[in-house]
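Visitor: The structure's right below; bear with me while I get my questions together.
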Amino acid sequence: MDSTILLLPVIIPVFFALVIFLVPKSKAWIVMTAAVAGALLNFAVCLTLAGHDMTLSFPWIAIDTFRIDFLMKLYNFSSMMIFFLSCASLLVIVYAVSFMRGKENLKAFFAFLLLTAGLADGAILADHLILMFFFWESILITIFALTMTGSKDSYKISVKALVLNGTGDFCMILGIALAGLMMKGDLSLSSIQNSPIPLTDFAGIAAFILLTIGALARAGAFPFHTWITDAARESPLPFIAFLPVSAAKLLGVYFLARLTLDFFDFKPGTGMSVFLMSIGAVTILAAGFMALVQKDFKKLLAYGIVSQTGYIIIGLGTGVPAGFTGGLFHLLNIVLSGICLFMAAGSIEKQAGTVNLGDLGGLGKKMPLTFSCFILAACSAAGVPLFGGFFSRELVFEGTIETGNIIFYGAAALGAFLTAAYLLKALHSVFMGKENGNYSPVKEGIKDPGLAMTIPMVLAATLCLLFGVFNQLPLGGLVEPVLGARLEHSFAGFGQHYALMLATVILLVLAFLNHIYGVYKTGKASQSLDHIGGAPVLSGIYGLAEKNYFDPYTIGMSAVNIFAVAVSGIDRGIDWIYSKLLPGIFSLASLLVRKAHTGNYALYLAWSITGMAIIILYFIFH
Amino acid sequence: MQALFILVPLVLVVLLNLPFKQAYRKTAFYAAVFTAVFQMVLSLTSGFLLWKNITDLFSFNFIANLGVDFFSLVVLFTIGLISLISIAVCRSSYDKDKFNFFNLILIVMMGMNGVVLTRDIFSLYVFLEITAVTSFILIAMDKGIEAFEGAFKYLVLSALATIFILSAIAFTFNAVHSLSYTDISSYLKGLGGHFPPQIIAALVLFITGLSIKAGVVPFHGWLPDAYMSSPSAVSILLAGIVTKVAGVYTIMRFAGDIMNNITIVSNILMAFGALSIVIGALAAIGQKDFKRILAYSSISQIGYIILATGAGTPLAFAGALLHFFNHATFKSLLFVNSAAVEYSTGTRDIDKLGGLAGKMPVTGVTSIIGFLSTMGMPPMAGFWSKLIIIIAVWTSGNYTYSVIALLASILTLAYFLILQRKVFFGKLAEGLRNVKEAGALMSFSAILLALITVAAGLAFPFIIYYLQAHGLLKLVIS
């Protein structure tokens, strides 16, 4: 194969996006056909490319001694990522064809979705940091545009998404600058890989932290997650299933994995390893606790997905083969289960007209297929044995034990309990129990959605199970080749650490018992976790978070204890930094500058004369 | 060939003002469009041999010595492009006497072309004056109090600049006994860094004078008022090209060609450039007037060009040249957008606007493209020029300036978001229900500039590759 074929995964989606832009608004069917065709073609190309190794290189920018080559590289890792991304975009687009029918922003939605897919392919294939950043940063525009396709109030969320992601990208370009300094200007990823940057001096550590922040912001880890949970409520659902759940996550984790694996001399047990694992642990717990108290189905899932990202970060942060393999495998599992869970939520929204947990109930009988898919995906996300999520999470646990930091195992295990608890709550209050009349269903009565929506859902759910039962397929075929020679033995199969597995099973059973106790106590599935609010240490969290949910300005007012403030306050507090503090500082500086421009002409003349005086003084004393 | 750039507008102005001009007043528009298009074509095709032989018939040196290199060709092309846009906007939005406007634009084009082509500092002074005087009249064309105030502010500071430049020329002539760039350059080289007092005086006066013309902080007092109070078509011309040719181009020539990038001048330019970047962006945040935001944003962007000029390496100069062209296109685009908004709604106060994206889709989308380019977001053209400037300043060893240039992008983001939210998004403001696009010519201008911005961004590496392959970028510093 000629290596220019590497351009196709970028060109095809972008081309179809442009076609969609040119189609008149009234021709919705052309838009949808083009979107599906683009996704299918992209999938076919990525499938063809799978398993090949090739590089594409031609001179790109050269001015004086400054030179950037157009470098792209396809090898096991990047080909796995673009393949997985093309699968995710195909599933979401097929689902969206039915879901988005008749929606106002249909055209912009499909066009920007394909554009994002193409740009993400470019960022993954790029073998030069500047080229990668070109694609990476372009995605910022499509994120902004896609969040705008939601309701009329989406602008605020778009701005938040732009600011949070922009902050990450900004750190990233600083990191690239530092890396460039250390690599003496050679920013080709292959050459960095050949001589990884040492993490011993200040510049190396600073570059690592800055680049990591960039990757984490895109992956939607704590504290860059707040736009995702906001968008979950306002934006069209396929957008959530595509961008924060799959494309951005794949991209962010891909870059993070390359950072720890290839670009830096990243060793287990070092400070940077603990730094990464801490971020992972905080992400798991902070988002997990927030997920427990959500009343909105989609918001609960969004916090859940953010929480799951924490496992990947811990896994990659361990720096040992087990943790790394587990982290990457967990990425595949949560993308699949995340897509499936959100699609199920979308079907519920479409059929029942609401996603408020308190208003739903007993839908399992009416939507058996959605129900089954939800169970399969939830089992994978909660780490029930035999499902994909179970094996990946066990590997992460194994990695944390191997590094000797038991505290991170503790955080991850507590996260497992939380995941099971909130998923049980969602499952019970939506699908089981008595039917609740508080919603306005579609006229024909609630039933499973049409084929276009069920097929992608069923496919994703099936894969959730298959990835567990036949885990040598994804593990041996996709994830483990990435590590190459660094892998001592394969992790496929059922695993060896029976004690850890037993602990996981016990946690799941505890979560189940806890749920039953909660339902028994409150009589309502949607309040099954409210009894935790009565526990002495956690007592403040729920009251606070719930008030916070209805009225963010009361944060801190009803703080009962420090822990409660920490968990809930940080979530909103980071929000405050972005939306109040930083703009405040800039506005103040801006006000001072504006006040200085009085319009008084004598003043302007005086400035000019001062400027001239400065030049004179500089000349005299130089 | 060079003489044609000055002769064509000159001859057309004379023809348009012969007796009996009433009979053919209407042709003024076509004369102006012809000149602008002719200039674009001439600057693009100057490399073709046959064409060169024809145009060289006009190579008699009727004035001073003219010279042309790649840098001047880019600037000449930009002059043609922005003048064309300004003419189109004037045609569709200016409701007073257009005949005068078209005449004045021909004269100002001639002045700018002269500034770009001339190779001695006295002719430079003459053409700068032609440009400046025409600009005063253009700003004051509306004859309102505000227009006169803006023109007056420009006039006074510009007069100051004129005095400085003229004195600098006198000092220089006294020392060098010649006024051509090459003579001055080789004289300064011969001094080896030890300047006699009158050369120092000349340098100080020259830098100050040109900085006033460019609107660099702290010499920028005239700029926001002049941009704001002039008719839309004139704002486009002023912000897009006049200030840039009269101030920025001359500074680039001065620093590169005459001063050979000596450290002392470089340091001054970089300091003022960085100051402009920050002050301009800070002042743009929180302004209420659409055009005023753009005016301060111009100060900030010009700061990038001056900063790169100061850094002085070939890469930095290439970045400055590219940003020169990019800023001309995307800032003119934004001024066209503001003109469209003002024409359609009758106001520029962003507090009174809102929700226009649905009513004016072309203006809404193209303004986003313009701002993304201002911020330096890929894949727009502004990304590349800013990236090259930041890298060049970094590799020239001025890390602080490089980081300042990078951080200022955040401020750009801030005023972009404020403006977009207040003007194009959110709820439709009261009384704007029947707003429509401002007409075909205005939309055409916006789309043309937006296309150039996107295309230059996407094709940027290939453009650079082409230029490099033909050895053109080396000409940036002759």
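Visitor: Rounding to the nearest 10 and keeping the result within 0 to 90°, find how far the Cα-based axis of helix A:8-22 lies from the longest principal axis of chain A.
Guide: Tilt of helix A:8-22: around 90 degrees.
Visitor: Is the shape of the range A:573-621 rounded, prolate or oblate, going by the alpha carbon gyration tensor and its root eigenvalues a ≥ b ≥ c, with a/c under 1.5 for rounded and a/b larger than b/c for prolate?
Guide: Oblate, since a/c reaches 1.5 and b/c is not below a/b.
Visitor: To continue, here is another question. Classify the range B:289-478 as rounded, prolate or oblate from the Cα gyration tensor: take a ≥ b ≥ c as the square roots of its eigenvalues, call it rounded if a/c is under 1.5, otherwise prolate when a/b beats b/c and oblate if not.
Guide: It comes out prolate by the Cα gyration axes.
Visitor: While we're on this one: Which distance in nm do the two modelled labels at A:Glu349 and B:His177 give, with both placed 7 Å along the Cα-to-Cβ direction?
Guide: The answer from the label model is 8.4 nm.
Visitor: Exactly which chymotrypsin sites (Phe, Trp or Tyr not before Pro) in the range B:332-440 are in a DSSP loop and have at most 12 other Cβ atoms within 10 Å?
Guide: Answer by residue number: there is no such site.
Visitor: Based solely on its DSSP helices, what 222 nm [θ] is calculated for chain A when runs of n ≥ 4 H residues each add -39,500 (n - 2.57) and the sum is averaged over all residues, nearest 500 deg cm²/dmol?
Guide: Rounded to the nearest 500, it is -22500 deg cm²/dmol.
Visitor: Could you name the aspartates and glutamates in cross-link range of B:Lys213, using Cα to Cα under 20 Å and dropping any fewer than eight places away on the same chain?
Guide: Here the aspartates and glutamates satisfying the reach criterion relative to B:Lys213 are B:Asp120, B:Glu129, B:Glu149, B:Asp225, B:Asp257.
Visitor: Averaging sequence separations of C-alpha pairs under 8 Å and six or more residues apart, then dividing by the length of chain B, give the relative contact order as a whole percent.
Guide: Normalised by residue count, the contact order of chain B is 15 percent.
Visitor: On a straight-distance basis, which aspartates and glutamates could pair with A:Lys267 in a cross-link, Cα separation under 15 angstrom, same-chain partners fewer than 8 positions away excluded?
Guide: Cα-Cα hits under 15 Å: A:Asp201, A:Glu402.
Visitor: Please give the length that would be gained between B:Ser167 and B:Leu18 if that part of the chain were fully extended, namely 0.36 nm times their separation in residues minus their C-alpha to C-alpha distance (nm, one decimal).
Guide: 49.9 nm
Visitor: I'd like the distance separating the alpha-carbon centroids of the range B:237-262 and the range B:146-164, in whole Å.
Guide: 19 Å
Visitor: For the range B:137-143, what does the Karplus curve 6.51 cos²θ - 1.76 cosθ + 1.60, with θ = phi - 60°, yield as ³J(HN,Hα) per residue in whole Hz, taken in order and with x for Gly and Pro?
Guide: 5, 4, 4, 8, 4, 6, 6
Visitor: Then there is this: So what's the gap between the Cα centers of the range A:262-281 and the range B:166-180, to the nearest angstrom?
Guide: 64 Å
Visitor: Between A:Asn600 and B:Val37, what is the label-to-label distance in nm when each label sits 7 Å out along the Cα-to-Cβ direction?
Guide: Taking the simple label geometry, A:Asn600 and B:Val37 are separated by 5.2 nm.
Visitor: Consider a paramagnetic label point 7 Å from the Cα of A:Ser57 along Cα→Cβ; state which residues of the range A:127-159 have an amide N under 11 Å from it.
Guide: It comes to no residues whatsoever.
Visitor: Rounded to the nearest 20 Debye, what is the dipole magnitude of the protein assembly as shown about its Cα centre when Lys and Arg each give +1 and Asp and Glu each give -1 at the C-beta?
Guide: 2260 debye
Visitor: Report the trypsin sites (Lys or Arg not before Pro) located in the range A:132-162 that are in a DSSP loop and have at most 15 other Cβ atoms inside 10 Å of their Cβ, or state none.
Guide: In loop regions of the range A:132-162 (DSSP not H, G, I, E or B), the sparsely surrounded trypsin sites (Lys or Arg not before Pro) are A:Lys152.
Visitor: Using Cα centres only, tell me the gap between the range A:226-253 and the range A:457-527 in whole Å.
Guide: The distance from the Cα centre of the range A:226-253 to that of the range A:457-527 comes to 23 Å.
Visitor: Quick check: the angle from helix A:202-219's long axis to the longest principal axis of chain A, C-alpha only, nearest 10 degrees?
Guide: The angle comes out near 50 degrees.
Visitor: Which one of B:Ala316, B:Ile302, B:Tyr415 has its Cα pushed farthest toward the positive end of the charge dipole of the range B:289-478, where Lys and Arg give +1 and Asp and Glu give -1 at the Cβ?
Guide: In the range B:289-478, that residue is B:Tyr415.
Visitor: Step through the table entries A:Lys595/B:Lys288; A:Lys156/A:Lys295; A:Lys295/A:Lys447, compare each Cα-Cα distance with 19 Å, and write down the pairs that go over it.
Guide: Those over the limit are A:Lys156/A:Lys295; A:Lys295/A:Lys447.
Visitor: Would the range A:379-518 count as rounded, prolate or oblate if I go by the C-alpha gyration tensor, calling it rounded below 1.5 in a/c and otherwise prolate when a/b exceeds b/c, oblate otherwise?
Guide: oblate
Visitor: Here's another thing I want to ask about it. Using just the alpha carbons, could you tell me how many Å³ per residue the convex hull of the protein assembly as shown encloses?
Guide: Dividing the Cα hull volume of the protein assembly as shown by its residue count gives 178 Å³.
Visitor: What is the distance, in nm, between label points placed 7 Å from the Cα along the Cα-to-Cβ direction at A:Lys580 and at B:Thr347?
Guide: Placing both labels 7 Å beyond Cα along the Cβ direction yields 3.0 nm.
Visitor: Over the alpha-carbon set of chain B, divide Rg by the Kirkwood Rh and report the Rg/Rh ratio to two decimals.
Guide: Value, to two decimals: 0.95.
Visitor: Can you give the angle from 0 to 90° between the axis of helix A:601-621 and the longest principal axis of chain A, with both taken from C-alpha atoms, to the nearest 10?
Guide: Helix A:601-621 sits roughly 70 degrees off the main axis of chain A.
Visitor: Is there a pair in A:Lys103/A:Lys434; A:Lys160/A:Lys298; A:Lys350/B:Lys427; A:Lys299/B:Lys291 whose C-alpha atoms are over 30 Å apart, and which pairs would that be?
Guide: Violating the 30 Å limit, Cα to Cα: A:Lys103/A:Lys434; A:Lys299/B:Lys291.
Visitor: Over chain A, what is the relative contact order in percent, taking alpha-carbon pairs closer than 8 angstrom and at least six residues apart?
Guide: RCO, chain A: 11 percent.
Throughout, read-outs are computed from the coordinates displayed, never taken from laboratory work. Nothing here was measured: the structure is a model prediction, and the numbers come from that model. Reconstructed Cβ throughout: ideal geometry from the backbone, glycine too, with neighbour counts over all protein chains shown.
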